[in-house]
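The values are calculated or read from the model by the stated rules, or taken from the named source; none is laboratory data. From a predicted model like this one, the values you see are computed outputs, not experimental measurements. Surface accessibility is based on the protein's heavy atoms, side chains included, excluding ligands, DNA and RNA. Shrake-Rupley method; radii C 1.70, N 1.55, O 1.52, S 1.80 Å.
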Amino acid sequence: QVQLVESGGGLVQPGGSLRLSCAASGFTFSNYAASWYRQAPGKERELVAIITTGGGTDYADSVKGRFTISRDIAKNTVYLQMNNLKAEDTAVYYCNALYVVVLTTTRFEYWGQGTQVTVSS
């Protein structure tokens with residue numbers, strides 16, 4: 001059974017840190033591009049960070065220098081280290097896995113159920 005399970009969310013004070021985990025089962029996560037998205041109340045879901053199969057990374061401007069995405073291939077898991085958290089980082093964070101077959105429109109995409117991150121004093 002294909003599954004992505006996020007964990008690590010919670011309540012943290014401004015300036016604090018959290019590490020989100022996204023554990024995959026039923027497929028080899030390292031063969032997929034992995035991303036973290038977030039959705040705040042009343043807002044659209046936005047891309048936060050992405051890591052390619054080759055290990056390249058990219059981030060939304062709002063989190064550059066504060067968030068780090070990484071993989072543990074042996075654990076079939078992707079992480080999002082979030083430092084210096086701000087109130088505007090409050091959202092539900094979702095993990096995504098994407099595989100696009102080269103030269104075709106065939107894609108395999110999976111989503112996790114989301115984990116709540118709340119930054120508040």
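Pick from Val12, Val101, Val63: which residue has the top mean-square fluctuation in a GNM of the chain where Cα pairs under 10 Å get a spring?
Ranking Val12, Val101, Val63 by mean-square fluctuation puts Val101 first.
Provide Trp36, Trp111 ordered by accessible surface of protein heavy atoms (probe 1.4 Å), highest first.
Listed by decreasing accessible area, they come as Trp111, Trp36.
Of the DSSP beta bridges with both residues in the chain, give the percent that are antiparallel, rounding to the nearest 5.
Given both bridge residues lie in the chain, the antiparallel proportion sits at roughly 95 percent.
Tell me, what is the 1.4 Å probe accessible area of Lys86, in Å² to the nearest 10?
80 Å²
May I ask you to give the percent of accessible area on the chain that is carbon plus sulfur, with a probe radius of 1.4 Å?
C and S atoms contribute 50 percent here.
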